[in-house]
């Protein structure tokens, strides 16, 4: 079966955060095929270029790039694969790496990189964003109904306050 999502980590040290986020479990829950690699935009630029060509050949639909100190990986991937959805997840605080995050959210026109948050929650949200992208294509494994049922089962239903249930719209008198 062809893989649908690629997860690229900028460093092996990013793996712990990704595992703790539950990303791989989430993708597996939906039966989405995925691949994971560790490649730095700076230390492995030739390998990254080759990997991008391979992802294109394999028809990967979405790429999630998880980055630590330098957030250049998502933009480097997007430059090689402008037709593929790329989601960048910085693992640094805004105070520690604002310039890096700024580079992700200010990509040149035509080369958008989505940023859905940072840290563990950002990684989890990247998984949900990737699933939502896949759900828009009826030929892919993730279907909209399964996606909606997942959220219904995960949502904590809070009871409505009694005053909301008792309110009625004012009746008009004739």
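The values are calculated or read from the model by the stated rules, or taken from the named source; none is laboratory data. These figures come from a predicted structure and were not determined experimentally. Backbone-built Cβ (ideal geometry, glycine too); neighbour counts: all protein chains shown.
List of remarks:
- Residue in region 70-77 that is at pLDDT below 95 and in a strand (DSSP E or B) present: no
- None of 18, 101, 92, 32 is in a helix (DSSP H, G or I), touching a helix residue (DSSP H, G or I) at 6+ places or on another chain (Cβ under 8 Å) and at pLDDT below 90 except 101.
- Note on region 1-15: residues that are within 21 Å of residue 90 (Cα to Cα) and outside any helix (DSSP H, G or I) total 7.
- Tallying residues that are loosely packed, with under 13 Cβ neighbours inside 10 Å and in contact (Cβ under 8 Å) with a residue 24 or more places away in the chain within region 27-41 yields 1.
- Residue that is nearest to residue 15 (Cα to Cα), among those in region 41-68 that are in a loop (DSSP other than H, G, I, E, B) and touching a helix residue (DSSP H, G or I) at 6+ places or on another chain (Cβ under 7 Å): 68
- A single member of 23, 9 is under 13 Å from the mean Cα position of the chain (by Cα), closer than 22 Å to residue 127 by Cβ, modelled with pLDDT of 95 or more and surrounded by 20 or more Cβ atoms within 10 Å (Cβ to Cβ), and it is 23.
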